1. Pop the C-beta distance of Tyr113 and Val86 into the FRET formula with R0 = 22 Å and round what comes out to the nearest 0.05.
2. What trypsin sites (Lys or Arg not before Pro) does segment 52-98 have in DSSP loop regions with at most 15 other beta carbons within 10 Å?
Amino acid sequence: MTATRSLARWVSLIGGLVLLGGCSTIGQIVEREDAARTEASLAAVGFEILPADTADRVAELDEMPHFKLVTRREGGKVIYAYADPVKCHCEYVGNEEQHAEYDRQRSEQRLAYERNEAQHLEEQMTLDTDTRAPGPALW
């Protein structure tokens, strides 16, 4: 009986580790998709893509928060920067106008998504109502 319990514990432990690894992988995939969408949006509104092709640029990229849009001041101006040390090994840099356009487009996309979800929910509710059998429930 002890050997069976020991084997069951090992199987449970291995299964848990596999599930944990799977969740981690899914999280990484979602992060990469989010990063790809963010980078495409930043490029679309005119953010400049600066490759980390010198030692100074590599050091600057490494010091920045990765995959987060940050604000900094350069020469009295507000600059927005986004570091991707994985895919393009680059930094997206934009000004206040470009950042405002990026925010505007993100708001529009979020609103369109919410409208689509509401419409989908409404359609599901209509389908649920239409498929019910007439008459009282028999429970």
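1. My answer for the efficiency is 0.30.
2. Sites meeting the loop and neighbour criteria: Lys68, Lys87.
Values quoted throughout were computed directly from the atomic coordinates according to the rules given, and no laboratory measurement underlies them. Everything numeric here is computed off the predicted structure, so don't read it as measured data. When we count neighbours, we look across all protein chains shown, and the Cβ atoms used for this are built from the backbone with ideal geometry, even at glycine.
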